[in-house]
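Data first, discussion second: the structure below is written as structure tokens.
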Amino acid sequence: MTEVVVIKFGGGLITNKAKLCTPALSIIEDLVAVVKRCLQSGLRVVVVHGAGSYGHLRAKYWRLKDGQLVNVNFTPQPDCASQKEAVNLVRKDMLTLNNLIIDAFDKIGVSAKSLPPHQWARNTGSGFTGEIKNNFTITEDVAITFGDVVDCDEGEFGILSGDDLVVRLCRDLPNVTRLVFAVKGVDGILSKPPTEATDDDLIREWSPSVTYSGFHDSDVDVTGGIDLKAKRGAEVATLGVEVFLVNGEKSERLFDACVGNDTIGTRIISD
């Protein structure tokens, strides 16, 4: 069977997280070019992308990860007056970002199929409900999904992180051999904060028993930052899938990780 690689494009990598709905188009172009190279190398690819400034800023303001909050008085934004309006706007914004990625694939002649989670998934965390095998048929098309606001059994709605989606994809799809997290600004998991770290502080192989410096921008992120990627990566590693976290701004490193070549980054293993 053809090997399948799941690639997570970090939201902070493909957008400017500090400015609402601002894409990093040149980075997106570089990332989809790597995916095309993977296809040409005989791999099949599933892409999961984060929200970045297309979801985190508004979701943070309206506390969407906490579900419906009937006793909280929010100050309306100019374009949004309630949590329910915020849910619809975030979903719309995520489709806009997703379409930018679809368009980037189209420009280089790669067919891509979008699978928005709010249309097929329910509940949050890596144990969310939703059919994987029937939706994500492994063909020459690139299947793409993303972190999204989904309906929930409790609280009406919540945020299903792309880092949770990759766990189910790696667990439920046949012949997934690698999961690669492409992130912004760091070469992998570090033993010191990014502002203090040198090349010697890169952890080349990480498991949950190894101390490291997680980075989570609580002013923007609503789904856990590098900490969640590390945790979910270790969860995937228990399935026998190779897991890597690399600097997504370095295209050659991303490609090497996808095809199984040695490269600069962090290999995530289970204890």
Residues being under 25 Å from MET1 (Cα atoms) and touching a Gly at 6+ places or on another chain (Cβ under 8 Å): count how many of those fall in the stretch 170-201. 4
Test set (1) β-branched (Val, Ile, Thr); (2) in contact with a helix residue (DSSP H, G or I) (Cβ under 9 Å, 6 or more places away or on another chain); (3) outside any strand (DSSP E or B); (4) under 20 Å from VAL236 (Cα atoms) - ILE144 fails condition number: (3)
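Taking the residues in the stretch 236-248 that are of a type outside the set (A, V, I, L, M, F, W, C) and over 15 Å from the mean Cα position of the chain (by Cα) as candidates, determine which candidate is farthest from PRO194 (Cα to Cα).
GLY240
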The helices (runs of 4 or more DSSP H) lying wholly within the stretch 1-69 that contain at least 1 residues that are touching a Phe, Trp or Tyr at 6+ places or on another chain (Cβ under 9 Å) and surrounded by fewer than 24 Cβ atoms within 10 Å (Cβ to Cβ) are 25-40, 56-61
Selection status of GLY214, surrounded by fewer than 20 Cβ atoms within 10 Å (Cβ to Cβ) and either more than 17 Å from the chain's Cα centre (by Cα) or modelled with pLDDT of 95 or more (or both): no
Select from the stretch 70-86 the residues that are at pLDDT below 95 and under 15 Å from GLU156 (Cα atoms) and write down the one among them that is surrounded by the fewest Cβ atoms within 10 Å (Cβ to Cβ). ASN71
Do we find a residue being of a type in the set (A, V, I, L, M), surrounded by 17 or more Cβ atoms within 10 Å (Cβ to Cβ) and in a strand (DSSP E or B) anywhere in the stretch 118-141? no
Specify which of the listed residues (VAL72, VAL90, VAL150) is part of a loop (DSSP other than H, G, I, E, B), over 30 Å from ARG37 (Cα atoms) and not acidic (Asp, Glu). VAL72
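The values are calculated or read from the model by the stated rules, or taken from the named source; none is laboratory data. Since the structure is predicted, the reported quantities are computational estimates derived from the model, not experimental observations. As a convention, Cβ positions derive from the backbone with ideal geometry for all residues, glycine included, and neighbour counts pool all protein chains shown.
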